[in-house]
Amino acid sequence: MNHKVRYEKMGKNWSVAVRNDYLAKKHWHNEYEILYVMAGTTYVNVDGVNYEVISGETFFISPGAVHYYVEPSEFNKICVVRLTEEFLKCFSVEVKHVYTVFLSDVLHIRENPRISGLIEEIQTVFEIEEEVFVESILIGKSLELLIYLYQNQFLISERASVRRNNDSECMDKMIEYIREHLQDKITLSDVAVHLGFSESYCSKYIKKKTNMNFLEYLNNERIEKAKQMLRLSDAPVTEIAYITGFSSIQSFNRVFKSFCEVSPTEYRKRIYDQKSNILDKI
């Protein structure tokens, strides 16, 4: 039986993890996700398409793309970096636009020693306590990786356009409604009425736009809000469960763990431990 490999650091606008037990249900988020396979083979489904990413290869997932990781049949080890669009803020408007367009597709990248080296340098953050240095290295090396890839686009073995979940005014209206009523018992009928759709059409619309059914999408929104509250507030877990619309703490724990692989309490403890390490250095 393989020992679990699990290292993780998280900030307000970034996260980096090295895992050999990484699973994720169908979800989407507003960060860029960089997957690097350190050993074995990883299978990831993006927008309904399965991709096989082997050792040494890198995979970029654009913000808003619905994706999930498939349980591997053999040992694998991966590094996953998430960055908000803020990491491109150092560029001018024109240059930022170039890179935003470039990263709007799914990118499957061949094995390359320079990229592997940058990923190894990113992983040095696990040996550093000070968040200012962790974020500096993570952002700096990620930008360096992006620039190198843009200069050497022949390394991209596969490029695919994907649907983004924030690509329409109607979708934005639905997202706003759900986020404003997370604490309530939201039904498909409620959303349909708000959008002026029939319930049947609303169900098909959500499936078409998100590649998730209504409940999957609703739970994704609730868990993202819960993660934010666990990071940024001291509210009790039971209160967060209630605020994000779960009927019981048992239901909250079960759904949270299905998305994040850890319980809400374990998730918060990781954040707290990181902050404590930083404060100890001051």
Practice prompt. Among the residues of segment 227-282, write down those that are of a type in the set (V, I, T), modelled with pLDDT of 90 or more and more than 28 Å from Y69 (Cα to Cα).
Written response: T238, I243
Worksheet item: For the subset of segment 103-156 comprising residues that are open to solvent by 10 Å² or more (accessible area, probe 1.4 Å) and part of a strand (DSSP E or B), which member is farthest from D273 (Cα to Cα)?
Response: I156
Practice prompt. State whether the residues of segment 93-102 include one that is of a type in the set (S, T, N, Q), more than 16 Å from V37 (Cα to Cα), open to solvent by 40 Å² or more (accessible area, probe 1.4 Å) and modelled with pLDDT of 95 or more.
Written response: no
Worksheet item: Within the set of pairs 6 or more residues apart or between chains, which connect a residue that is in contact (Cβ under 8 Å) with a residue 60 or more places away in the chain inside segment 232-253 to a residue that is open to solvent by less than 90 Å² (accessible area, probe 1.4 Å) with Cβ atoms less than 6 Å apart?
Response: I243/Q183; T244/L182; T244/R222; T244/K225; T244/A226; G245/L182; G245/Q183; G245/R222
Worksheet item: Of (1) closer than 19 Å to R254 by Cβ; (2) open to solvent by less than 30 Å² (accessible area, probe 1.4 Å); (3) not in a helix (DSSP H, G or I), K185 satisfies all except one. Which?
Response: (2)
Worksheet item: Where in segment 24-82 are there strands (runs of 3 or more DSSP E), lying fully within it, with 2 or more residues that are polar (S, T, N, Q) and buried (at least 21 other Cβ atoms within 10 Å of the Cβ)?
Response: none
Worksheet entry | Residues of segment 193-217 satisfying the condition of being buried (at least 20 other Cβ atoms within 10 Å of the Cβ), in a helix (DSSP H, G or I) and either in contact (Cβ under 8 Å) with a residue 60 or more places away in the chain or touching a Cys at 6+ places or on another chain (Cβ under 7 Å) (or both) | T210
Worksheet entry | Residue check, K269 under 30 Å from S203 (Cβ atoms), basic (K, R) and either more than 17 Å from the chain's Cα centre (by Cα) or open to solvent by 60 Å² or more (accessible area, probe 1.4 Å) (or both) | no
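The values are calculated or read from the model by the stated rules, or taken from the named source; none is laboratory data. Since this is a predicted model, take the numbers as computed values, not measurements. We place every Cβ from the backbone using ideal geometry, glycine too, and count neighbours over all the protein chains shown. Quick note on the areas: whole protein, heavy atoms, side chains included, nothing else; ligands and nucleic acids left out. Shrake-Rupley method; radii C 1.70, N 1.55, O 1.52, S 1.80 Å.
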